[in-house]
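Input: a single structure, listed below in structure tokens.
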Amino acid sequence: MVDLGKLIEERIRDVDDYPKPGVVFKDITPLLADHVAFAGVVDAIVNHHGRGTIDKIVGIEARGFILAAPVAYHFGAGFVPVRKKGKLPARTHAATYDLEYGTETIEIHADAFESGDRVLIVDDVLATGGTARAAADLVRRCGGEVVGLSVLLELSFLHGRDKVGNLDVHSLVTV
């Protein structure tokens, strides 16, 4: 039997001073290249929440898309992208937030959800919590009900969980 947590940790590469000096970037591309690890991550997220419980999966640009799309497929749910400002073609709602190394604005299509859609947000890393909180606020503004946040990796020393309010946070690995 594969120890998924150990496999995930072995497949995430630290890159020092990226994208700025002093930041240690968590590179998930080795994990994505490993079929067993990648499939294990998708299956673990789906199994945690249970099939039939989610209407839409939100993926946060850009690495969140890679994880969220196969999760949506396995749930039989729609996929909704949250993108950086100016990347979506139709009318949007926007939220600006702080990250661990600056500020960012993300957007979502204003018509992405039907009222009451049960929405799971999927991203690769929970760091300071700014991105996840902004995404959750956008989902709610569009009429969706956020039922949880699933991440591959939680950087607990940045206390992001504290900033996302009462979201049900599911992280596969916490460091």
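Annotations
- Subset of region 84-103 [modelled with pLDDT under 95 and assigned to a loop (DSSP other than H, G, I, E, B)]: Glu100, Tyr101
- Test for Thr92: is it buried (at least 18 other Cβ atoms within 10 Å of the Cβ), touching an Asp or Glu at 6+ places or on another chain (Cβ under 8 Å) and either closer than 26 Å to Asp14 by Cα or hydroxyl-bearing (Ser, Thr, Tyr) (or both): yes
- Breaking point among (1) out of contact with any Lys or Arg (no Cβ under 9 Å at 6 or more places or on another chain); (2) farther than 29 Å from Ala95 by Cβ, for Pro30: (1)
- Residues (assigned to a loop (DSSP other than H, G, I, E, B), open to solvent by less than 50 Å² (accessible area, probe 1.4 Å) and small (Gly, Ala, Ser)) located in region 33-67: Gly50
- Listed by position, the strands (runs of 3 or more DSSP E) inside region 104-175 whose residues that are free of Cβ contacts under 8 Å to residues at least 60 places away in the same chain and within 15 Å of Ile57 (Cβ to Cβ) number at least 3 are 145-154.
- None of Pro19, Pro81, Pro70, Pro30 is in contact with a strand residue (DSSP E or B) (Cβ under 8 Å, 6 or more places away or on another chain) and part of a helix (DSSP H, G or I) except Pro30.
- Count of region 145-175 residues which are open to solvent by less than 10 Å² (accessible area, probe 1.4 Å) and among the polar types (S, T, N, Q): 1
- Residue tally, condition open to solvent by 40 Å² or more (accessible area, probe 1.4 Å) and under 16 Å from Val125 (Cα atoms), over region 5-25: 10
The values are calculated or read from the model by the stated rules, or taken from the named source; none is laboratory data. These figures come from a predicted structure and were not determined experimentally. With ideal geometry, Cβ positions are generated from the backbone for all residues, glycine too; neighbour counts draw on all protein chains shown. Heads up: the accessible areas ignore ligands, DNA and RNA and are worked out on the full protein's heavy atoms, side chains in. Shrake-Rupley method; radii C 1.70, N 1.55, O 1.52, S 1.80 Å.
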